[in-house]
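Derivation of every value follows stated rules applied to the coordinates shown; laboratory data play no part. Being a predicted model, the structure only gives us computed values, none of them experimental. Virtual Cβ from ideal backbone geometry, glycine too; neighbours counted across all protein chains shown.
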Amino acid sequence: MANTKLTIRRPDDWHVHLRDGAMLQAVAPYTARQFARAIVMPNLSPPVTSIDAARAYRERIVAATGPGFTPLMVAYLTDWIDGAMLAEGHAAGVFTAAKLYPAHATTGSAHGVTDVAHIRAALEAMQRAGMPLLVHGEVTDPDVDVFDREAVFIGRTLAALVRDFPGLKVVFEHITTEEAAQFVAAQGNNVAATITPQHLHINRNAMLVGGIRPHAYCLPVAKREKHRLALRKAATSGSAKFFLGTDTAPHRVETKESACGCAGIFNAPFALESYVTVFDQEGALDRFEAFASENGPRFYGLPLNEGTITLERNAVQVPERYAHADISLVPFHAGETLDWCFVG
Ligand code: NCD
Ligand code: ZN
């Protein structure tokens, strides 16, 4: 069979949740096994809002993964964040980027931004510093249907933000809709997007057909099939605006399988296998390296990694569960067979 092996430059993950404490110890090695670097989300409790907190968190991550993996730290934007502090942290090599969570949009966003008007000075400082803004793009208005929250965010918030800060690098994180893919494609080179494996594989039926399936629930929530198809097209288009960001977001099994289950899919253990399966299905294996290993660092202005990894077209069985001491995690694709395996 053609293309049974694919060797690419070592990739990076431009959106991960590594958590802290025992959960960090449990999950960080999965990301470090496949990726050279990762953009680490700051939605801890309390969130990472200072240079010292980011430095300390970075040390805890490195202690959990060992050498060979570089965590790239992110500042959590609040209504009161100081632009000078962000620029200082960026210049010091601590903050790679800053994250805009609309207040109450998702897990750990209670301290997020209530109105972009409050962070204009911070955004100006970031624009001057060349520091990327990472956006969780959903409105939080209770009158907006949860399946419409991303598309509505573009018109209500993101379009004006991009217009008002034309030199700001903006990553529209984990896009889930055709509207988001089209919006990003239509902007200048300072606007890009990450795409998760789950949004390339599943639509909203995966959550709701034949029973309610909490392990397919994340935010932004998976949408209709036409959106999944649009995301597959964007990811495999060859456009440098789209790159890999898993949004791996582990939660203990008992908090997922609950009357009020947490949002988040733990996809780190088989992230590359999951993505490459999509590129293979779309006949776009030749575009996988750019998506996984080139577009992200070029957008962020960081060097490409040295070294390579190899994937092989060979069936691999995903475990039903991972257990680390008292932490039990259900991975994305649990119990399924994927067509590709990670050789290393
Ligand atoms: C994330 C989490 O659990 O921290 N959950 C998710 O569903 N993606 C938060 C986020 O990125 O929205
Ligand atoms: Zn996330």
Practice prompt. Determine if region 155-172 includes at least one residue that is in contact with a Phe, Trp or Tyr (Cβ under 6 Å, 6 or more places away or on another chain) and closer than 29 Å to residue 62 by Cα.
Written response: no
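This table checks each residue for (1) of a type in the set (D, E, K, R); (2) in contact with a Leu (Cβ under 8 Å, 6 or more places away or on another chain).
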position: 128; (1), (2): yes, no
position: 134; (1), (2): no, yes
position: 140; (1), (2): no, no
position: 148; (1), (2): yes, no
position: 154; (1), (2): no, no
Worksheet item: So residue 177 fits all but one of (1) closer than 22 Å to residue 98 by Cβ; (2) under 20 Å from the mean Cα position of the chain (by Cα); what number is the exception?
Response: (1)
Response to the item:
For region 224-268 the number of residues that are within 13 Å of ligand 2 (Cβ to nearest atom) and either more than 15 Å from the chain's Cα centre (by Cα) or β-branched (Val, Ile, Thr) (or both) is 5
Response to the item:
Of the residues in region 234-266, those that are in contact (Cβ under 8 Å) with a residue 40 or more places away in the chain, part of a helix (DSSP H, G or I) and surrounded by fewer than 16 Cβ atoms within 10 Å (Cβ to Cβ) come to 254
Discussion item. Looking at region 53-61, can you tell me whether even one residue there is in contact with a helix residue (DSSP H, G or I) (Cβ under 8 Å, 6 or more places away or on another chain), over 29 Å from residue 275 (Cα atoms) and either within 16 Å of ligand 1 (Cβ to nearest atom) or touching a residue at least 24 places away in the same chain (Cβ under 8 Å) (or both)?
Written reply: yes
Worksheet item: Can you name every residue in region 1-49 that is surrounded by fewer than 18 Cβ atoms within 10 Å (Cβ to Cβ), away from ligand 1 (no atom under 15 Å from the Cβ) and not in a helix (DSSP H, G or I)?
Response: 1, 2, 3, 4, 5, 7, 10
Worksheet item: Mind checking which residues of region 122-170 are away from ligand 1 (no atom under 16 Å from the Cβ) and charged (D, E, K, R)?
Response: 124, 128, 141, 143, 145, 148, 156, 163, 164, 169
Practice prompt. Determine if region 188-202 includes at least one residue that is in a loop (DSSP other than H, G, I, E, B), buried (at least 24 other Cβ atoms within 10 Å of the Cβ), among the polar types (S, T, N, Q) and more than 13 Å from ligand 1 (Cβ to nearest atom).
Written response: no
Discussion item. So residue 297 ticks every box in (1) touching a helix residue (DSSP H, G or I) at 6+ places or on another chain (Cβ under 6 Å); (2) outside any loop (DSSP other than H, G, I, E, B) but one. Which box is left unticked?
Written reply: (1)
